[in-house]
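Worksheet for the structure shown next.
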Amino acid sequence: YTILSKVHSDRNVYPSAGVLFVHVLEREYFKGEFPPYPKPGEISNDPITFNTNLMGYPDRPGWLRYIQRTPYSDGVLYGSPTVENVGKPTIIEITAYNRRTFETARHNLIINIMSAEDFPLPYQAEFFIRNMNVEEMLASEVLGDFLGAVKNVWQPERLNAINITSALDRGGRVPLPINDMKEGVYVMVGADVPFSSCLREVENPQNQLRCSQEMEPVITCDKKFRTQFHIDWCKISLVDNTKQVSTFQEVIRGEGILPDGGEYKPPSDTLKSRDYFSDFLVTLAVPSAIALVLFLILAYIMCCRREGVEKRNMQTPDIQLVHHSAIQKSTKELRDMSKNREIAWPLSTLPVFHPVTGEIVPPLHTDSYDNTSMPLMQTQQNLPHQTQIPQQQSAGKWYS
């Protein structure tokens, strides 16, 4: 069902068009071309990576893919050759890089695509396997087990693996590295007999409803795959090429079809000159004139129609001007006081009259006194010239 070959220098392979082609690039083969470890007898396990490209081009053909998970695993070339390349040898340059010694080794793989007599198979089914990665599915024993299970369910006379595609190439997301999750792989197979009733069960209305509700459909033959392969039956694709209708339609003349105008007659080489003065007036002169008029009107309004400060003061009531002037003077005084703190004491600290004798009480401190540590309010005991308030004794006499 698949063509497997191991890498050799200038190796010729002969895959068939429309049949899965797999070519393994084994690290053990290339280890012999790199120098061994310094210690004799030590087993070498150099990290080796591969680069593959079509000779004379930077990349591979469109139908050929390449995968290598780690530098300590083998590389795999796989794909499904197309009919267009039948009979044309495809030379793939394989370059191996030793990541320890930085040495390289190059080999050529010559792919001679052959035509298949039974290609294309008319009935094709594509399965999505959720618990497999593409390199695991490309292994000959795993792919053989899957084709055996499909053949047991389908019962065809001829069954071929047509193509294998990673779910990541179909827009899938990289799985989380927990619970040994896999990225999934699409496997397309072809057969020469119609689809079995088991494969048709996915088209039942009940299973279609379950798939729309993201529920697993009920498939009777799923147990034949479940032991090794977890198939997403909602993503299965069944293609019957025998019922494909040709998209070519004969053109019927009618509405929308231009009539035959006869032989094409190109324009003359001598073209008549054209005057663009009117176009200039319309596109540049007229908008410029309008913009100039608007500019003059705006300049007259802004410069020649100003009322001025005197006219504003004449129209303002006197009491409002007085209030405004007083506010300005007070604001100026406060600003001057904030700039220079060595000014006269405020009215609250000037001498006051004694409440009893009427004498003038001097300030509580001199001009050079530091008022930063002085409390805002002083007690009666700290005040000079304190007046003693008469108190009544128990005998009914008053003392001062």
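What the table shows:
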| read-out | value |
| --- | --- |
| Flag for residue 156 being touching a helix residue (DSSP H, G or I) at 6+ places or on another chain (Cβ under 9 Å), open to solvent by 30 Å² or more (accessible area, probe 1.4 Å) and in a loop (DSSP other than H, G, I, E, B) | no |
| Residue within segment 203-226 that is assigned to a loop (DSSP other than H, G, I, E, B), at pLDDT below 85 and in the same structural domain as residue 130 (by the TED database) present | no |
| One residue from 213, 206 being more than 19 Å from residue 164 (Cβ to Cβ), open to solvent by 80 Å² or more (accessible area, probe 1.4 Å) and within 37 Å of the chain's Cα centre (by Cα) | 213 |
| Flag if residue 35 is open to solvent by less than 70 Å² (accessible area, probe 1.4 Å), modelled with pLDDT under 80 and in a loop (DSSP other than H, G, I, E, B) | yes |
| Residue within segment 169-187 that is within 13 Å of residue 126 (Cβ to Cβ), open to solvent by 40 Å² or more (accessible area, probe 1.4 Å) and not charged (D, E, K, R) present | no |
| Flag for residue 66 being assigned to a strand (DSSP E or B), in contact with a Gly (Cβ under 8 Å, 6 or more places away or on another chain) and either open to solvent by 40 Å² or more (accessible area, probe 1.4 Å) or of a type in the set (Lys, Arg) (or both) | yes |
| Selection within segment 188-202 - surrounded by fewer than 17 Cβ atoms within 10 Å (Cβ to Cβ), part of a loop (DSSP other than H, G, I, E, B) and in contact with a Leu (Cβ under 8 Å, 6 or more places away or on another chain) | 192 |
| Among residues of segment 129-151, those that are free of Cβ contacts under 8 Å to residues at least 40 places away in the same chain and polar (S, T, N, Q), counted | 0 |
| Selected residue (criterion: most open to solvent (accessible area, probe 1.4 Å)) from residues of segment 81-109 that are among the hydrophobic types (A, V, I, L, M, F, W, C) and closer than 14 Å to residue 53 by Cβ | 91 |
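A quick yes/no check of all residues on (1) farther than 30 Å from residue 176 by Cα; (2) at pLDDT 90 or above:
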| position | (1), (2) |
| --- | --- |
| 110 | yes, yes |
| 113 | yes, no |
| 118 | yes, no |
| 121 | yes, no |
| 128 | no, yes |
| 131 | no, no |
| 143 | no, yes |
| 148 | yes, yes |
| 155 | yes, no |
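The values are calculated or read from the model by the stated rules, or taken from the named source; none is laboratory data. Everything numeric in this text was worked out from a predicted model, so none of it was measured. No Cβ is skipped: glycine too gets one built from the backbone with ideal geometry, and neighbour counts run over all protein chains shown. All accessible areas refer to the heavy atoms of the entire protein, side chains included, with ligands and DNA or RNA removed. Shrake-Rupley method; radii C 1.70, N 1.55, O 1.52, S 1.80 Å.
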